[in-house]
Each structure stands twice: as structure tokens, then as C-alpha cells.
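Working notes for the structure below.
Any read-out appearing in this document is the output of simple, stated calculations on the displayed coordinates, not a laboratory observation. Model, not experiment: these values are computed from the prediction. So basically every Cβ, Gly included, is an ideal-geometry build from the backbone, and we count neighbours across all protein chains shown.
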Amino acid sequence: MKIGIIGGGAVGLLFAGYLGRLFDVTLIVRRESQVRSLSENGVTIYKEGSAITTRVGAVQETETQKEFDVVIVAVKEYDLPLLRQGLVELGAHVPLLFVQNGIGHVDWVKSLPHRHLIAGSVDHGAMKENDAAVHHLGEAETNIALIRGNWHVIEEIVLKSTDSFRFSIRKDFEKMLLTKLFVNVSINPLTALTGVTNGKLVENPYFHKLQKDLFNEMLLLFPQMKGNISFEKVVDICRNTYQNRSSMLKDIESQRRTEIESIIGVLLDKAQKEHHFVPIMNLLYKLVKGIEREGLGG
């Protein structure tokens, strides 16, 4: 099975490192320097004091000519529009698996001509070391659900997945993505603003109260999720990933653009249209955007 992975960040490297041990994997990245690094070194995954290196193929986005059985799109949500032409040129027959945070990209994904579209929700913790290495910080799973099409196109990946990097099939992609969004909203902005690890949020009573308030604002926007996810689950995730630094915190620290638009920005639009009062989300959005603006040079 030939798998293409678009995106050479932490998630793209993690997928390539594990799937490359089972399949013919090619990483599709922007920079020629990363292509060279991957071609020379492969992908190294650091986990619990050990290091495993996997040989993978690597090409630049502009030079993708290989035929793939499935393509995994692992860029940030805000970079998706730049990929449209390249995805179309792959052919409508090629299945696409999207592993972005948030829900803002779903309508864009549905607008693609491809017959098989799959949504993914990645629960693993990962931190990029360099262009060819990634730290696997928290072992979990990747949940996947059909947006349209059928399962046989990705069945081999699911069947061959291992305990350390397993895939789990879900029936409802919207419910799956919303479950992850509840977690992201309750963790990422707060860690980005406070500079603490996930576990510290539940230890500090002031941060913990803000988490609870955010969770309740989410239920106001998505009352259908009551019973599908509990605040206790968010607390458990914080404790199980105690030392993890969220992706938004790492973006702030590296003075990179964050995913605040796809995680909270789209929710504020929904709140405004439906006349809901979500003051905590509003405040966190403005604070993260302000810090992001300073980091990016105003």
C-alpha cells in the first residue's frame, strides 16, 4: 500500500515514522531542505528513552507525481486552502484522510471532488525535534470516521495498526470531531496563555474553574453532546498527559501562528449567529490573538 502524507510537522512525522514500518510511505513537504534531511536520515521517533528510525520517501509539494492508494493530510487547518489544486490533481479516486483540529475545515473538505473523504482525530502527544525527528509524548489512538465514501479504501491501515499506533473506527464524524474540540477548547488556549503543562490546569483551582466554564460554554453551543462527553473526561486527559505542552502553547513559544481560529474563532461565529453568550471564549480568543500578533511582529 502506497501512502502519501502531506505535512512535515509533528503529526506528519509521527504518522510517517509508524506507518513507514508497515507501508510504502512518502512525506510531501514544502522545503527542499526537509526533503534532503528525510532522504538522508529517515524519520526518527523518540519515545520513553528509545529511538526508532524508519526510512521513508520524501518530495516537495510541487514535485508530487507518485500514485498513492491513500493520502493523509496533516497540515494545520489554515494551510488547507493552499493545497486544493494539488489535492485535485491527485485524482478524485484517491482517498483523503484529514487530521486537523477543530471543525472549521469540514465544509471545505466536503467541497473537494474526491469520492472517499475521511476525518481523523489524533489523540497522540507529539513534539517535533527537527525536520526528521519527533518525540512521541503520549501514546493513544487515532479515531477515524467517514465523511463520505466507503471504508475499504483505508481498511488495510486499520487492520495492520499496532497497539503503539492504532486506528479506531467511529460511526459519526461530527460527534468524533466535536468530542476532540471539547478537549482542545478546554486545554489549548489556557495552556497557551498560562504557559503551564496540561496537568497543571486541573491542579490549579483558578485554571480549573476556567476549564469548567469553557466546557459549559461548549455545551451551550452543542447541547447534543451532553452525555457524549463529560468534564471528567477532560480532567482525565489532563492528568494522563500531565507533562504535555499543548500545540498552541508550543506555537506561542515559537512565535508561530496558532490554531485559535479553527478551535475558538469558528465557535464565536456560531455563538453570534445563535445569540449565545460565551464570555470566556471571547476573552481567551482575544488574548491569544493579541499575543500571536505580538509574536508575529504586529
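Determine which single condition L181 fails, assuming it passes every other condition in (1) buried (at least 21 other Cβ atoms within 10 Å of the Cβ); (2) among the aliphatic types (A, V, I, L, M); (3) within 23 Å of I72 (Cα to Cα); (4) over 14 Å from the mean Cα position of the chain (by Cα). Condition not satisfied by L181: (4). Just one of the numbered conditions (1) touching a Leu at 6+ places or on another chain (Cβ under 8 Å); (2) of a type in the set (S, T, N, Q); (3) buried (at least 21 other Cβ atoms within 10 Å of the Cβ) is not true of Q243: (3). Residues of the stretch 155-171 that are of a type in the set (A, V, I, L, M), outside any strand (DSSP E or B) and closer than 16 Å to L117 by Cα: I157, V158. For the stretch 201-229, a residue qualifies if it is under 22 Å from D251 (Cβ atoms) and under 22 Å from the mean Cα position of the chain (by Cα), and the qualifying residues are L201, Q211, L214, M218. For R239, are the conditions met, namely being touching a residue at least 60 places away in the same chain (Cβ under 8 Å) and of a type in the set (K, R)? Criteria not met by R239. Of the strands (runs of 3 or more DSSP E) entirely within the stretch 1-65, those holding at least 1 residues that are in contact with an Asp or Glu (Cβ under 8 Å, 6 or more places away or on another chain) occupy 2-6, 24-29, 43-47, 57-60.
Based on this model, can you work out whether V235 counts as surrounded by fewer than 19 Cβ atoms within 10 Å (Cβ to Cβ) and β-branched (V, I, T)? So that I can check it myself, show each step before the final result.
Working: surrounded by fewer than 19 Cβ atoms within 10 Å (Cβ to Cβ): yes; β-branched (V, I, T): yes.
It is true that V235 is surrounded by fewer than 19 Cβ atoms within 10 Å (Cβ to Cβ) and β-branched (V, I, T).
Does V29 satisfy the criteria of being more than 21 Å from the chain's Cα centre (by Cα) and over 27 Å from W151 (Cβ atoms)? Can you show your working first?
Details: more than 21 Å from the chain's Cα centre (by Cα): no; over 27 Å from W151 (Cβ atoms): yes.
Spelling it out, it is not the case that V29 is more than 21 Å from the chain's Cα centre (by Cα) and over 27 Å from W151 (Cβ atoms).
Taking R256, is it assigned to a loop (DSSP other than H, G, I, E, B), among the basic types (K, R) and in contact (Cβ under 8 Å) with a residue 24 or more places away in the chain?
Details: assigned to a loop (DSSP other than H, G, I, E, B): yes; among the basic types (K, R): yes; in contact (Cβ under 8 Å) with a residue 24 or more places away in the chain: yes.
Taking the combined requirement at face value, the residue satisfies it.
When restricted to residues that are within 25 Å of W151 (Cα to Cα) and in contact with a helix residue (DSSP H, G or I) (Cβ under 6 Å, 6 or more places away or on another chain), the stretch 125-139 contains 0. Restricted to the stretch 184-201, and to residues there that are surrounded by 24 or more Cβ atoms within 10 Å (Cβ to Cβ) and among the small types (G, A, S), the residue that is nearest to L219 (Cα to Cα) is S186.
So in the stretch 103-152, with the set limited to residues that are among the hydroxyl-bearing types (S, T, Y) and under 13 Å from the mean Cα position of the chain (by Cα), which one is farthest from N184 (Cα to Cα)? Among them, the one singled out is T142.
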